[in-house]
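Enquirer: To start, I am sharing the structure in question, which I have written as structure tokens.
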Amino acid sequence: MDNKEELYNFYAMLDRMQYIQRWGLMRNTRQENLKEHSFDVAVIAHALALIHNRILNKEQIDPLLTMAEALYHDCSEIITGDLPTPIKYRNRELKNAYKEVEAESAQSLLDLLPDELSDEYRALMLPDLSEEKRMLVHRLVKAADRISALLKCLMEEKAGNDEFRSAKESIEESIHGLNCEEAEYYMKHFLPPYGMTLDEISK
């Protein structure tokens, strides 16, 4: 087959993120899918990078790289599904095994791209964390992921669902445990309005 006619399934697979439901063991007032979660994490991660650069005035990092890694951070779950946190982190052996499965799943997705593009996406889905600045970007994405999860808990609580109470407490504690100034700034200045009414936000 002529290369011009060859088909690549990568982006069609990404579109399937909308069918992966998160919080599978929890009673939800509103289901959250992987596609919308990834957008939320990307928005927050981009904000954390800007806070790092412009407000905390630390050594500059790339906000667009941070946002891009966040957008693709859970792509492997298209194949693995969203494994509940109590199982994923039950012990070190399970955690390490799941990381291997995630890496294999990410590679399976990368194999759906033409060779000319795969390296660009590998840098986002399987980042090389040997450089300190690249590791910082990864840490901000992790913090953004947790903030997104906390927001889900807050929205469920606001809707009168007590199911997420203990999850909210443990996630909030884990965010503080990161000792991430960028996350703390976001939590202090940007988190409270999420619980406001539309009229209050619009003022």
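What follows is calculated from the coordinates using simple rules that are stated; it is not laboratory data. Here the structure is a predicted model, which means the values were calculated and not measured. Here the Cβ positions follow ideal geometry from the backbone for every residue, glycine too, while neighbour counts run over all protein chains shown.
Enquirer: Suppose only helical runs count, i.e. DSSP H with n ≥ 4. What mean residue ellipticity at 222 nm does that imply for the chain under -39500 (n - 2.57) per run, divided by all residues and rounded to the nearest 500 deg cm²/dmol?
Expert: Estimated from H runs of four or more residues: -18500 deg cm²/dmol.
Enquirer: I've got another one for you. Rank-order 113-120, 177-184, 136-143 by packing density, defined as the average count of other C-beta atoms within 10 Å over each peptide's residues, highest first. Working shown, then result.
Expert: Values: 113-120: 11.8, 177-184: 16.5, 136-143: 21.8.
Highest to lowest by the protection proxy: 136-143, 177-184, 113-120.
Enquirer: Could you give each residue of region 160-174 its phi-based ³J(HN,Hα) in whole Hz, using Karplus coefficients 6.51, -1.76, 1.60 with θ = phi - 60°, and x for Gly or Pro?
Expert: x, 9, 7, 4, 9, 4, 5, 5, 4, 5, 6, 5, 4, 5, 5
Enquirer: Here is a follow-up. Of 9, 151, 61, which is farthest along the charge dipole of the chain in the positive direction, counting Lys and Arg as +1 and Asp and Glu as -1 at C-beta?
Expert: Of the listed residues, the answer is 151.
Enquirer: Given charges of +1 on the Cβ of Lys and Arg and -1 on the Cβ of Asp and Glu, with all other atoms neutral, how large is the dipole of the chain about its Cα centre, in debye to the nearest 20?
Expert: Numbers: 25 positive and 38 negative charges, 172 e Å.
My answer is approximately 820 debye.
Enquirer: Give the label of the value calculated from the structure for percent of Cα pairs over 21 Å apart, choosing from (i) 49; (ii) 58; (iii) 53.
Expert: Matching the structure shown: (ii).
Enquirer: Additional query: Tell me the net charge near residue 104. Cut-off is 14 Å between Cβ atoms, residue 104 excluded, with +1 for each Lys or Arg and -1 for each Asp or Glu. Don't skip to the end; give the middle numbers.
Expert: On the way: positive: 99, 122; negative: 77, 100, 102, 111.
Charge balance near residue 104 sits at -2.
Enquirer: I'd like the Karplus ³J(HN,Hα) series for region 152-158: coefficients 6.51, -1.76, 1.60, θ = phi - 60°, whole numbers in Hz, and an x wherever there's a Gly or Pro.
Expert: Per residue, the Karplus-derived 3J(HN,Hα) values read 4, 4, 5, 5, 5, 5, 4 Hz.
Enquirer: To the nearest 10 degrees, how steeply does helix 63-72 sit against the main Cα axis of the chain, on a 0 to 90 scale?
Expert: In the chain, helix 63-72 runs at an angle near 80 degrees to the longest axis.
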